[in-house]
Amino acid sequence: MNKKYYGQLFYFTFYITSDIMEFMSKQMIMGNQAIALGALKAGVNLVAGYPGTPSSEIIEFISKYKNQTGTYVEWSVNEKAAVEVAAGASYAGSRTLVTMKQVGLNVASDPVMCLSYVGVKGGMVIVSADDPGPISSQTEQDTRNFAQYSKIPCFDPATPLEAYEMIQEAFELSEKFNTPVLFRPTTRVDHAYESMEMPELEPCRKAGTFEKDSKRWVIFPKSSYMNHKRIFERNENLLPAEFSKSKWNTVEGESLPLASAANASSATPSNGTHSRNAFAAGGISYCYLKEALSILKKDNPDSKAISNASILKIGTPFPFPADLAAEYMKNNSEITVFEELDPVIEDALIALSGSRKIDCIIHGKHDKSVPEAGELSVEIIKNIIENKLSIKNKSEACITNTELISPELPVRPPVLCAGCPHRGSFYAVKQAMKGKKTAYCGDIGCYTLGNAMPLDMTDTCLCMGADITMAQGFYHNENDRYCFSFIGDSTFFASGITGVVNAVYNQAHQTVCILDNSTTAMTGHQPHPGTGVTMMGEIVEKISIPKILESIGVNPIIEVNPFNQEEAVAAVKTASEAPGVSAIIFKSPCISIAGKLGYKFPGTKTVESEKCIGCHKCITELGCPALSLSQKISAKGKQLVEIDKSLCTGCGLCAGVCPVKAIL
């Protein structure tokens, strides 16, 4: 097929065919959709997961084809539950897929670690999407490290098309070695688009039948010991040899042919006898490196240093393809490694140089040649190579007029939406507790933005569910402090219930504020147990948050509309003074889906310029993005306020704050 380089689009370099008709028959497929399609093509029987950017769309895409393929799909209550649901089906011989973001793997780690030792029967792939940056996560943790820690093989796709093909092989590998497999796309792969043909999807594989075998499926110390020995042999010898021959691990631009794994001992002499610029990369960093080299070759056509550059591409970072990498190291005296996030490939090459006595210097994060945190990019890698080779940046040299240099973009931090009920919830608590010694423990969700000024209502945010239990720590440490926790309805089901049980059992004094907006808003409005809808499209009984709280022993439990500030403030005062554990359920739908739920918007608000005194209290108290300063000036020279009607939902919070009732 005749191909033409097209450039970087939607985060990664991709190629289109010169045959226009063939190109037109293809579709632009999102990375997460490619993963979903690959799993469906592999005949996956059961899919479970918990929403988390950047992985959320995988299950949503699979759900669209569930009737066609017969695949069972669910949003589980959390990642631990998802892994355990999948494990049951996998023990029976069915193929299963679990999806989550990287911090969700922490929640799932208990069953995942045990599954590493027990093993599986049907292919089981665990997608843990990493978030370099981080863009929408608490941490920059690297799933490749967890793969090493848990002794589970890991795949690291570089493009959507590669992810589509790679995940099918991951299922095969899982069944071949009876092990779960980790699949580690990063944000730019998950959300990138690539042109590919839509596969024809057939019904999923026939579901397996569970065969009782307690010696295999019941985990005991003796069986773990024996399985540990088996896993060690697999990871130290079998898989490194197999991965050294895998198409996902390759060498590009090598002038001399690499020795195969079979005759590695008779390979080209070591000690870096060949002089070239050698690089190693994996995942999206490989695409960045390829594009950076392409640009440099175009800008420096006579540079032998650029034209002779070679790349070791690593698609299976664990177990590491040692034979392939060792041969590459023998042919190069220095290698610079580009990867996100931790120096996993770099460490593997350094260890290999020592264990096999290969004279090769490895550059990367350890010697600060490559940034140790955050995302890489084409520009970052290009600059590193230019500095390494002392090449002048031609794109900068050609700019002589300073007016051509774009100014820095203004900082635009995220804010709660106009009309968001969380703003009313936070403001009610703030007003009710003025002048009192408090601790406001936040959680993971849209409401984390309650930390921003002017609300300033989130003192801590650690991880999902930690708001409830951390508030108990504050109370037991300082029992004269009023301790509040803020948690969303979806997060409450995922990880909040055990914290409430702990609070009641251990006699804490705290107020649990449940911000019930009837959805999992931050990750894309997925359903949860309180919505009464499943991913299979079934209408089920809504699980009642008040009944759960009542059964645990929480009292009082007050449900209130956060937009009714008078009632909301009164509820906070009542709950905060009650002994033991109290709860306030601030119930109002997420403004983004309120219309779909039948909510009638009251109409936008307007500022009467004749009444407005320019005190700006509505802006400085609430921080609503629909409120801004007007060009109008009052008689006393004060800048007036105006409301952007394209943003305003008519919630009325600002009208209640205005001291002169100028907002109608």
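Descriptive notes on the structure:
- For the chain, with all protein chains in place and a probe radius of 1.4 Å, 54% of the accessible heavy-atom surface sits on carbon or sulfur.
- Packing around the peptides 529-535, 354-360, 81-87, taken as the average count of other Cβ atoms within 10 Å per residue, puts them in this order, highest first: 81-87, 529-535, 354-360.
- Only DSSP H runs of four or more residues enter the estimate; each adds -39500 (n - 2.57), and after division by the residues of the chain the mean residue ellipticity at 222 nm equals -10000 deg cm²/dmol.
- Solvent exposure of region 23-166 amounts to 26 Å² per residue of accessible area, where only protein heavy atoms count and the probe is 1.4 Å.
- Values of log10 I(q)/I(0) for region 596-648 across q = 0.19, 0.24, 0.30, 0.31 Å⁻¹ run -0.66, -0.93, -1.24, -1.28, by the Debye formula with one identical scatterer at each alpha carbon and no solvent.
- Degrees, to the nearest 10: 160-177 long Cα axis against longest axis of the chain: 70
- Of all lysines in the structure, the ones whose alpha carbon falls short of 25 Å from that of residue 632, not counting any fewer than 8 places away in one chain, are 605, 611, 617, 645, 661.
- Sequentially through region 578-594, phi angles give Karplus couplings (6.51, -1.76, 1.60; θ = phi - 60°) of 6, x, x, 9, 10, 9, 10, 9, 7, 10, 6, x, 3, 4, 6, 10, 4 Hz, Gly and Pro residues having no value and appearing as x.
- Dipole in debye (nearest 20) - region 33-155, about Cα centre, beta carbon charges: Lys, Arg +1; Asp, Glu -1: 460
- Estimated FRET transfer efficiency when R0 is 25 angstrom, pair residue 198-residue 233 (beta carbons, to 0.05): 0.05
- Taking amide H atoms as placed 1.01 Å from N in the peptide plane, the amide H of residue 520 lies under 5 Å from those of 525, 526, each 5 or more residues away in sequence or on another chain.
- Straight-line cross-link partners of residue 587 among the lysines, defined as a Cα under 18 Å from its Cα and at least 8 positions apart when in the same chain: 430, 542, 547, 573, 596, 600.
- Here the gap between residue 359 and residue 633, fully extended at 0.36 nm per residue and compared with their Cα-Cα distance, gives a gain of 91.3 nm.
- Converting phi to 3J(HN,Hα) with the Karplus coefficients 6.51, -1.76 and 1.60 and the offset θ = phi - 60°, region 280-287 yields 9, 7, x, x, 5, 4, 4, 5 Hz in sequence order, with x at every glycine or proline.
- Per residue, in Å², the accessible surface of region 462-592 once ligands and nucleic acids are set aside, probe 1.4 Å: 43
- In degrees, nearest ten, helix 565-577 long axis to first principal axis of the chain (Cα): 80
- Each of (i) 57; (ii) 53; (iii) 43 is a candidate for percent of Cα pairs over 39 Å apart; the one calculated from this structure is (iii).
- When you count the other C-beta atoms within 10 angstrom of each residue and take the mean per peptide, 113-119, 406-412, 225-231 line up highest first as 113-119, 225-231, 406-412.
- Cut-off under 5 Å, modelled amide H: who pairs with residue 94 long-range: 122, 208
- Label point of residue 297 set 7 angstrom out along Cα-Cβ; within region 325-352, amide nitrogens under 19 Å from it belong to 336, 338.
- The listed peptides 34-43, 631-640, 67-76, ordered by packing as a protection proxy, come out as 34-43, 67-76, 631-640 (highest mean of other Cβ atoms within 10 Å first).
- In whole percents, the pair-distance distribution calculated for region 310-465 from its alpha-carbon pairs, binned every 10 Å from zero, is 8, 23, 18, 16, 21, 11, 3, 0.
- For region 16-153, the average shadow cast by the Cα convex hull is 9.7 nm², which is a quarter of the hull's surface.
- A full extension of the chain between residue 611 and residue 415 corresponds to an added length of 67.7 nm, given 0.36 nm per residue minus the alpha carbon distance.
- Karplus 3J(HN,Hα) series, Hz, for region 430-445 with 6.51 cos²θ - 1.76 cosθ + 1.60 (x for Gly, Pro): 4, 5, 5, 9, 4, x, 9, 7, 10, 9, 10, 9, x, 9, 8, x
- Geometric extent, Cα atoms of region 179-224 - Rg, Dmax (angstrom): 19.1, 50
The values are calculated or read from the model by the stated rules, or taken from the named source; none is laboratory data. Just so we're clear, the structure is a prediction, and the values are computed from it rather than from any experiment. Virtual Cβ from ideal backbone geometry, glycine too; neighbours counted across all protein chains shown. When the accessible area is computed, the model is the full protein with side chains, heavy atoms only, and any ligands, DNA or RNA have been set aside. Shrake-Rupley method; radii C 1.70, N 1.55, O 1.52, S 1.80 Å.
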